[in-house]
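The values are calculated or read from the model by the stated rules, or taken from the named source; none is laboratory data. Just so it is clear, the structure is predicted and the values come from calculations on it, not from any experiment. Here the Cβ positions follow ideal geometry from the backbone for every residue, glycine too, while neighbour counts run over all protein chains shown.
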């Protein structure tokens, strides 16, 4: 039985239509076909936040969504289908949303330098740019972030950045140097180990309050302490020296204005980062 048969389209139900027109935040997990027929035609400019997790083609969906809701501020696109990539029409829709988009979360397997290069320059008010765990980003993918001005970007989370290499570290240094005045939170995947050059460049981030990354084994406690001294807002909840020693020995640096302290295992990293960024968001709204 197809989606449309299991979940009847309520096109003639006035209460349903009114409900859809008043939506401001939609999170869609599956049932895309039904949503596209039953809800999408009734969405309005009231919708400012949209999240979709889908395992099939997105063709035809986003152009229609843009027609109905052209002023999205938050957009989350996730898929776990390894062969699914952003089509030209999806990229065009993302570009059209660019002038209003403040939070952009992309979690797809095929995300390359061309796509990011086409998208980021169109997002002048972007504050949060997040590539999820399934978005495999290589050295070339960092460069569009480094080249784009993104004058308001506060959070950069690269969930699946590749294993460290000299080329990748150079790209990261360029990216961080480009956004020293605005970045407040930065995170890299558990597969990446930050080297000393990248760690030192973090001292230039004037407003840094949250960081989550693994460290190269050559980095010593003194280097971490120098970073904290340069950026006092990174001071952890438990600042005792033995905690720092444990962090460096575990080769995971997680610090910032959060209540949870340190976690040194991959299993808790995602939860920690989420809570960090949620708290950062809340504190900035006050």
Kindly list, by first and then second residue, each pair from a residue in the range 170-188 that is on the phi > 0 side of the Ramachandran plot to a residue that is at pLDDT below 90 and buried (at least 22 other Cβ atoms within 10 Å of the Cβ), limited to pairs with Cβ atoms under 8 Å and residues at least 6 apart or on different chains. none
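Is it the case, given these coordinates, that residue 96 is touching a helix residue (DSSP H, G or I) at 6+ places or on another chain (Cβ under 7 Å), over 16 Å from residue 128 (Cα atoms) and at pLDDT 95 or above?
For residue 96, the condition - touching a helix residue (DSSP H, G or I) at 6+ places or on another chain (Cβ under 7 Å), over 16 Å from residue 128 (Cα atoms) and at pLDDT 95 or above - is met.
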Looking at the range 71-86, which of the residues that are at pLDDT below 95 and either touching a helix residue (DSSP H, G or I) at 6+ places or on another chain (Cβ under 9 Å) or assigned to a helix (DSSP H, G or I) (or both) is surrounded by the fewest Cβ atoms within 10 Å (Cβ to Cβ)? 85
Out of 116, 126, report the one residue that is outside any helix (DSSP H, G or I) and either modelled with pLDDT of 80 or more or touching a strand residue (DSSP E or B) at 6+ places or on another chain (Cβ under 8 Å) (or both). 126
Among helices (runs of 4 or more DSSP H) completely within the range 181-286, the ones holding 3 or more residues that are modelled with pLDDT under 80 and more than 24 Å from residue 104 (Cα to Cα) are 241-250
Residue 59 fails exactly one of the following numbered conditions: (1) under 24 Å from the mean Cα position of the chain (by Cα); (2) assigned to a helix (DSSP H, G or I); (3) at pLDDT below 80. What is the number of that condition? (2)
Given the conditions (1) within 21 Å of the chain's Cα centre (by Cα); (2) surrounded by fewer than 19 Cβ atoms within 10 Å (Cβ to Cβ); (3) farther than 18 Å from residue 232 by Cα, report the number of the one that residue 216 does not fulfil. (1)
